[in-house]
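Let me begin by presenting the structure, written as structure tokens, before commenting on it.
Computed from the coordinates by the stated procedures, all read-outs in this text should not be read as laboratory data. What you see is a predicted model, and the numbers here were worked out from it, not measured in a lab. Virtual Cβ from ideal backbone geometry, glycine too; neighbours counted across all protein chains shown.
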Amino acid sequence: MYNRSISSRKVRMTHPPRAQRIPLQSILHGTPRVDPYAWLRERANPAVHAYLAAENDYAAAQLDPALQQLLTDELVGRLADTDHSAPQRIGAYVYQFRLAVGAQYPVLVRWPVAEPTRVAVVIDVVAEAAGHIFCKLGSWRVSPDGALIAFLIDTNGSERFRLHIRRIADGSACITPVDDLYYGLAWSPDSQGIYAVRPDEAWRPSEVIAWRFADGTQAAQRIYHEPDERYNVDLSESGDGQHLIIGSYSAQTSEVWVYDAQSALTVGCMAPRDAGVEYVIAMAGARVYHLTNRGATNFTLFSKLLHEASWTEVVAERVDTLIEHITVLADVVVLWVRRGGLPGIEYLRHGSRTVQQLTFPDAAYSLSDTDSHEYERNILVYAYATPVTPTVTTAIDVQSGTTEVRKRDTLGCAHLPEEYIVERVWVTARDGAAIPLTIVRHHRVPLDGTAPALQIGYGAYGANLNIGFVIERLSLLARGVVLAYAHIRGGGEGGRRWYLDGKLAHKQNTFNDFIECSEYLIQKGYTSAKRLACYGRSAGGLLVGAVVTQRPELYAAAIALVPFVDVINTMCDPTIPLTVPEYEEWGNPTIPAEAAVMERYSPYDHTSAQRYPALLLTAGFQDPRVSYWEPAKWIAALRHAAPAGTYYLVTDMHAGHAGKSGRTAIMADRAIEYTFLCQHLALPQLPLIQEERA
């Protein structure tokens, strides 16, 4: 037992850990609730550290270390020796991230447009990472005069960033670094002031701070504050950099203010918050675009000049097309849309209502906004990939239609995309909804139910499941694994209604959709229940927890990364970072009906003496989004209620929600997951496809 003393390492490595049960009782709407593992929240308690270490040791002992090393080497070998980002033009310079041979982190460099050989270092992430196990570069912005760089660095995975401002010419500091900031930076037009987002004690981004650092005082001025705990603050700027766009966003309601970026004075509120009305603002000079769901589930686009009072409709709502977001260039507004479950790009000139479209050939693909567009030159830059085709970054002049490939991702291994089959099928849900399912396999994989399969899902926040190229998944495809991406409700693939039908009172649709996709894979011979695994991260980890609780017989194995599985206890505690803003996604537990919905699917609350598939859970001790104790409590409950099962918990004590940060360290994490799949789906240790070629 792991009580309040530290047990021996030998015991931890040879036996499944068992956490001490210390019942903590609470009352929710008149009903007693008992949590026997609430003590695992005691972050500084040595017994908590001992328990997490015991779980790590047990997983390390059970997951074949030789196979892990083989897989790590294989995954790292798939990476190109060196890498670089697509070049990005900002002002008179071109910027690019470059990764040297053997480096864990890149270096940001630049050169004058007319002198490509005069390369200078702007940010050396390798140097910033020195002495740290974890390092992440957050937002970065070059000053309008091109002389300064502002950037955010996180060195422990907590997403608590430190702001640096340095002179690019010599790397000297302009300010004493500022701690505890959130994502988002913007410059004043005169390059003498910086704007950043500061979170509150619950780590909710709640205010925008301005520093006029040129006079040496560094005095911070708060220019915007959002007191409502349901709202998060976001900072962006107009395309020409003359205005700040500061938004307060809950999951259902928006309010956006425009400020003069030089004076930091308010220009005005674009539309006062109105419960259930969402909108975003983008600007090109004095022209303002307003994308809103007011009276339009799939959003309508309006426009006006800043001094005008009334809005003019530019693009009406379309039943079959969701406008996800917009990008504004000097002469054009670009619409990022979703139609038939697939992404698309449309654009039109300012003042026009004539929409043009870009077309894409594949049956299933990803299309990403690179956020590296060139405003004045009307250059849009997007990234395109399929599950079997590496990413291509393309720049298009939306005035002339001419395109330029800025980068084709390269691999460090042989890969023939034509050997793989990518299908998009539609699965009929129990209520008649048509669920898109993307299926990827090698052409030699038989459809007789014998193949192993990994089904991937997310289904929350209206987010779209990424079906782009993920290099490490080649190691699964080459072992004969069928990859299935379930585009379930709660995500955004089917438009705004698709999202609304998978949240709050309708959340069970998310889990039902995923289960029905699993049944489809089995019925159509892609796999069998004995060789099917499911996979999800964060809210996708909740998905995994719910489906293996409700239908455990469908799966041989399951991977839940940083899973949100202790739904009721987390949502009842507003002191946990980011909890209150989540009420509009999952429900407010102070409302009996909403608490009842969450209780019905919360995996931790339904852990029982049934046969579960083999489970691999992960946690990040510094994670501000899903606290480490959620998977820790669930695995403790599993070991008590169903002790015959196979369960592993791997906690990274030096990382947060996204796991490790180094290039090859990330592959070591994937190797743990793939070792687990090899052992529980009977995958071969060596790739079948490469063996056949040899």
Given charges at beta-carbon only (K, R positive; D, E negative), |dipole| of the chain in Debye: 1380
Residues Asp170, Asp200, sorted so that the one with the fewest Cβ neighbours within 10 Å comes first: Asp170, Asp200
Table column - 3J(HN,Hα) (Hz), the range 252-263, Karplus curve with 6.51, -1.76, 1.60, x for Gly and Pro: 10, 9, 10, 8, 10, 10, 10, 10, 6, 5, 7, 8
Straight-distance crosslink candidates among lysines, where the alpha carbon sits under 23 Å from Lys660 and sequence neighbours closer than 8 are dropped: Lys136, Lys633
Ranked Met571, Met653, criterion: other C-beta atoms within 10 Å, fewest first: Met653, Met571
Lys/Arg +1, Asp/Glu -1 at C-beta; the chain dipole; positive extreme among Gln610, Gln357, Gly502: Gln610
Debye intensity ratio I(q)/I(0), log10, the range 273-318, q values 0.19, 0.20 Å⁻¹ (C-alpha model): -0.57, -0.63
Cα gyration tensor category, rounded, prolate or oblate, for the range 576-648 with a/c compared to 1.5: oblate
Beta bridges per DSSP with both ends in the range 1-160, % antiparallel, nearest 5: 95
GluC sites (Glu not before Pro) lying in DSSP loop within the range 591-694, provided at most 15 other Cβ fall within 10 Å: none
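How large is the Rg to Rh ratio of the chain when both quantities use alpha carbon positions and Rh follows Kirkwood?
On the way: Rg = 25.4 Å, Rh = 26.7 Å.
When Rh is taken as the Kirkwood radius, the ratio is 0.95.
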Span from the the range 343-390 Cα centroid across to the the range 528-562 one, whole angstrom: 34
Value at 222 nm in deg cm²/dmol, rounded to 500, when DSSP H runs of n ≥ 4 in the chain each add -39,500 (n - 2.57): -5500 deg cm²/dmol
Part-to-part distance (alpha-carbon centres) for the range 76-132 and the range 444-468, which is given in Å: 34
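Computed from the mean reciprocal separation of all distinct C-alpha pairs, what Kirkwood hydrodynamic radius does the range 11-167 have, in Å?
Result for the range 11-167 stands at 20.4 Å.
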Environment charge of Ala682, counting only residues whose C-beta is closer than 12 Å and scoring Lys/Arg +1, Asp/Glu -1: +3
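Using the 10 angstrom Cβ neighbour count as an exposure proxy, how do Asp179, Asp154 rank, fewest first?
Details: Asp179 9, Asp154 21.
In increasing order of surrounding Cβ atoms, one gets Asp179, Asp154.
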Selection of trypsin sites (Lys or Arg not before Pro), the range 584-666, meeting DSSP coil and at most 13 other Cβ within 10 Å: Arg611
Only Lys, Arg (+1) and Asp, Glu (-1) charged, at Cβ; the range 1-146 dipole about Cα centre in debye: 620
Counting DSSP beta bridges with both ends in the range 399-534, the antiparallel % (nearest 5): 60
Evaluated over the range 127-269, the Cα radius of gyration and Dmax, each in Å: 15.0, 46
For the range 253-320 and the range 569-639, distance of Cα centres in Å: 36
Rounded D (µm²/s) - the range 132-207, Kirkwood Rh over Cα pairs, Stokes-Einstein at 25 °C, 0.890 mPa s: 191
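May I ask what percent, to the nearest 5, of DSSP beta bridges between residues of the chain are antiparallel?
Restricted to the chain, the bridges split so that about 85 percent are antiparallel.
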